Amino acid sequence: MATITSDMIKDLRERTGAGLMDCKRALTEVDADIEKAVDYLRKKGIAGAAKKAGRIATEGAVTSYIHMNHRVGVLLEVNCETDFVAKTADFQAFCADVAMQIAAMNPACVRREDMDTSKVEAERALLREKALAEGKPEKIVDKIVDGQVGKFYSEHVLLEMKWVKDDKKTIELLQQELVAKLGENIKIRRFTRYELGEGLEKKSEDFAAEVAAQIKA
């Protein structure tokens, strides 16, 4: 059995936000391997988050984000269960991170159930036609298309997107980790993204790519 030191517990706590006893227990379970302990606590937190998902969350905050060039702005509503949690630094930081994600990546909706089904079906039909044109066997085309539609969701649905600050996490995982840390149900409810001149005839500029590049920098 490997030795578990106070420095290891401190390091794990700083990386995950878990309590001291949870960190010690996790390190014990994985024979003092820090990376495995992080995964252990993350999975434990996700399981706990799933149990809280049905609880009523009507408190929270409306957050605004204006990109530094004043050409992209976001209004975002995130809900939690109590006003106390809504005022915590962790909750507010999460809201700010999600608002920046929306500015950078321009998602179509919060969750896949909110996606316009006609757009999904049009994309599916296009992908199927392309696969058949490439000579893919018809008996496996639907499986291929299912995988590609999954990628389509990951590029357009906020919760399924990779976080611009850490592409090892999705926004949904980031949300679940916060639920585990704060002990309340937390939900991204809705957002509106504004882009200067949107809908007007103008020269083509990719502001979403610009915002994403500046956030990563």
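The values are calculated or read from the model by the stated rules, or taken from the named source; none is laboratory data. Every value quoted in this text rests on a predicted model; they were computed, and no experiment measured them. Positions of Cβ are backbone-derived with ideal geometry, glycine not excepted, and every protein chain shown enters the neighbour counts. Surface areas here come from the heavy atoms of the whole protein model, side chains and all, with no ligands, DNA or RNA. Shrake-Rupley method; radii C 1.70, N 1.55, O 1.52, S 1.80 Å.
A few notes on this one:
- Among the conditions (1) under 16 Å from ALA103 (Cβ atoms); (2) buried (at least 16 other Cβ atoms within 10 Å of the Cβ), ALA209 misses just one, which is (2).
- In segment 66-91, the residues that are over 19 Å from GLU184 (Cα atoms) and of a type in the set (Lys, Arg) form Cβ pairs under 6 Å with partners that are open to solvent by less than 10 Å² (accessible area, probe 1.4 Å) and not in a strand (DSSP E or B), at six or more places apart or across chains, as follows: ARG71/PHE207.
- Among the residues of segment 120-165, those that are open to solvent by 80 Å² or more (accessible area, probe 1.4 Å) and within 30 Å of LYS216 (Cα to Cα) comprise LYS151, GLU155, LYS162, LYS165.
- Against the test of being modelled with pLDDT of 90 or more and not β-branched (Val, Ile, Thr), the options LEU173, LEU127, LEU132, LEU158 yield a single qualifying residue, LEU158.
- Given (1) open to solvent by 10 Å² or more (accessible area, probe 1.4 Å); (2) out of contact with any His (no Cβ under 8 Å at 6 or more places or on another chain), index of the condition ALA108 fails: (2)
- Segment 85-120: number of residues that are over 15 Å from the mean Cα position of the chain (by Cα), of a type in the set (Lys, Arg) and not in a helix (DSSP H, G or I): 1
- Selection status of PHE91, modelled with pLDDT under 95 and closer than 26 Å to VAL211 by Cα: no
- Consider segment 166-197 and keep the residues that are more than 21 Å from ALA86 (Cβ to Cβ) and open to solvent by 90 Å² or more (accessible area, probe 1.4 Å). The one that is farthest from the chain's Cα centre (by Cα) is LEU196.
- Boolean, ILE186 is among the hydrophobic types (A, V, I, L, M, F, W, C), modelled with pLDDT under 85 and within 29 Å of LYS43 (Cα to Cα): no
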